[in-house]
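Worksheet: one structure, shown below.
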Amino acid sequence: MGYVGLPLAVAFAAEGRDVVAVDIDRRKVASLRAAETYIEDVSDASLRAVAERIEPTTRMAALARCDAVLICVPTPLTANREPDLGPLIGAARALAEVLQAGQLVVLESTTYPGTTRERLAPILAESGLVAGEDFNLAYSPERVDPGRTDFTLRTTPKVVGGLTEACGDRAAALYGEVCDTIVRVSTPEAAELTKLLENIFRSVNIALVNELAMLCDRMGIDVWEVVDAASTKPYGFMRFDPGPGMGGHCLPVDPFYLSWRAREFDMATEFIELAGKVNQQMPYHCVAKVERLLNDARKPVRGSRIVVLGVSYKHGVGDVRESPGLKIVTLLSALGADLRYHDPYVPELAEHGLRSEPLDDVLEDADLLLIVTAHPGVDHDGAVERVPLALDLRGVTRRKGGGRAVLL
């Protein structure tokens, strides 16, 4: 019942379906029972409007009463940057204990090609039921971009790949209730790889512009001016902006799922892995720029009060998963910086012992302002005017900042 599961639950309930909402996190279940949302994409009002049709629970047994079960668990990486299917395997084993003949099971979690057929289906078979015969099985990748409003669950085309033709038909009919456009592919593997391609495309292009930003920094060229100029070409170019690195539940993770899987086929996806490495280096590059700025002002990092403005991985959301802001905070803390931060969407960074403070308070006696995430409603230009040094990693002040802030 996270960024993927909760919007789905609300969407199906809004179409008149009764929904069993399962999560092992008792806090989420308690919030849902109180009709209180915990993600930006679902408002309290929209949740309250369908609350009577949603049954929040921590018990997998409740799924035995369902016609369809959608698996939306996390698929993170291990410390060695390899796929961690632990949450998926755990969910599959629990589901196998209550699986019923005639049910439809759809995996939405991002994963490598072959997961649905080779990992999920055998575990569900422990129920004594055979996928494609006794129950339907399909893969349909989530396409959630937290905080986005121009494309919704209904208006974003839904890719579906069934284990059999009948499995695909059943899944397509299900999603047709909440999505305007269904895109059928021939197999779960094709659907799994579709999701990875979408995110790897972004990862590679972000890595390209980030690498260019590092080169421009050394050459004394304004990378933002270059990107603006290139974007005037009406064909053959798609704009990507540089930044402190990638974050979220997909982009920093998905490329490694495919590169790991490719090694089983004696293939080294060097291009994909290189993009991941470049993006992982961006927080280090940003911290190096902080060091240089303070050094030019005859100040060490140790003891300097550095204000971090925005720590979530993207503007307008409170999601800190894989956020480059967290890495930057970790690196600056290790250098002895006196850190403060302001983020209207992230009230606390417990692991760092920090809480978000009012912007006016954190700017008092600040030595350097570091804009990591440009949230809407924050007066970035005004903040820059109140500090002796500012480093803008998002380019948000370049139009009005009068050149006071140093850009990435």
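Evaluated with a Cβ-only charge set (Lys, Arg +1; Asp, Glu -1), the range 271-408 carries a dipole of roughly 540 debye about its Cα centre, given to the nearest 20. Less than 13 Å apart at the alpha-carbon level, and either on another chain or at least 8 residues along: which aspartates and glutamates does that give for K299? Within the straight-line limit of under 13 Å, K299 reaches these aspartates and glutamates: E291, D338, D367.
Taking Cα atoms, how many degrees apart are the long axis of helix 86-96 and the longest axis of the chain, rounded to 10 and kept between 0 and 90? Tilt relative to the chain: about 20 degrees.
For the range 139-278, the equivalent ellipsoid built from the Cα gyration tensor has semi-axes of 33, 20, 12 Å, listed from largest to smallest. In this simple spin-label approximation, L274 and R184 carry label points 7 Å from Cα along the Cα→Cβ vector, and these lie 4.0 nm apart. Fully extending the segment from D338 to L197, taken as 0.36 nm per residue of separation minus the present Cα-Cα distance, adds 46.7 nm.
Between H352 and K233, what FRET efficiency follows from the Cβ-Cβ distance if R0 is 51 Å, with the result rounded to 0.05? The pair H352/K233 has a calculated efficiency of 0.75. Stokes-Einstein, applied to the Kirkwood radius of the range 109-183 over Cα pairs at a viscosity of 0.692 mPa s and 37 °C, places its translational diffusion at 244 µm² s⁻¹. Annotation: average projected area of the range 159-242 is 7.4 square nanometres, based on the convex hull of Cα atoms across all directions. Comparing Cα centroids, the range 167-219 and the range 341-408 end up 32 angstrom apart. Accessible surface computed residue by residue for the chain, with neighbouring protein chains in place and a 1.4 Å probe, gives 47 Å² per residue.
In this label model, A61 and E126 are separated by 1.9 nm, measuring between points 7 Å along each Cα→Cβ vector. GNM remark for the chain: springs join alpha carbons under 10 Å apart, and the peak mean-square fluctuation among P242, P141, P234 falls on P234. Exposed loop sites, defined as GluC sites (Glu not before Pro) outside DSSP H, G, I, E and B with at most 13 other Cβ atoms within 10 Å, are absent from the longest region of the chain, namely 265-363.
One decimal place: the segment F151-N295 gains 47.4 nm when fully extended, by the rule 0.36 nm per residue minus the C-alpha distance. Under the classification rounded if a/c is under 1.5, otherwise prolate if a/b is larger than b/c and oblate if not, where does the range 324-408 fall, given a ≥ b ≥ c as square roots of the Cα gyration tensor eigenvalues? The shape class here is prolate. With the helix formula -39500 (n - 2.57) applied to DSSP H stretches of n ≥ 4, the chain reaches a computed 222 nm mean residue ellipticity of -11500 deg cm²/dmol.
Using the alpha-carbon atoms, what tilt in degrees (0 to 90, nearest 10) does helix 188-219 show relative to the longest principal axis of the chain? It is inclined by approximately 0 degrees. Note that the range 251-408, at 37 °C in a medium of 0.692 mPa s, gets a Stokes-Einstein diffusion coefficient of 198 µm²/s from its Kirkwood radius over C-alpha pairs. Annotation: the antiparallel percentage among DSSP beta bridges lying fully within the chain is about 15.
With 23 Å as the limit, the listed pairs K28/K195; K277/K327; K195/K277 have K28/K195 beyond it between alpha carbons. Could you tell me what percent of the accessible area of the range 298-408 is made up of carbon and sulfur, with a 1.4 Å probe and every protein chain present? Using a 1.4 Å probe with all protein chains present, the range 298-408 comes out at 48 percent carbon and sulfur.
The share of accessible area on the range 217-262 that comes from carbon and sulfur is 58 percent, using a 1.4 angstrom probe.
Taking the Kirkwood radius as Rh and the Cα radius of gyration as Rg, the range 52-193 has a ratio of Rg/Rh equal to 0.95. When a 1.4 Å probe is rolled over the protein heavy atoms, the share of accessible surface on the range 44-184 that falls to carbon and sulfur comes to 49 percent.
Applying the Kirkwood pairwise sum to the alpha-carbon positions of the range 1-64 produces a hydrodynamic radius of 11.4 angstrom.
Using only side-chain charges placed at the Cβ, +1 for Lys and Arg and -1 for Asp and Glu, the dipole size of the chain relative to its Cα centre rounds to 540 debye. Which percent of Cα-Cα pairs in the chain sits in each 20 Å bin, short to long? Result returned by the calculation: 25, 52, 22, 1.
The values are calculated or read from the model by the stated rules, or taken from the named source; none is laboratory data. This one's a predicted model, so the numbers in the text were calculated from it and none came from an experiment. Positions of Cβ are generated from backbone atoms using ideal geometry, with glycine treated the same way; all protein chains shown enter the neighbour counts. Side chains are part of the model used for accessible areas, which takes the heavy atoms of the whole protein and leaves out ligands, DNA and RNA. Shrake-Rupley method; radii C 1.70, N 1.55, O 1.52, S 1.80 Å.
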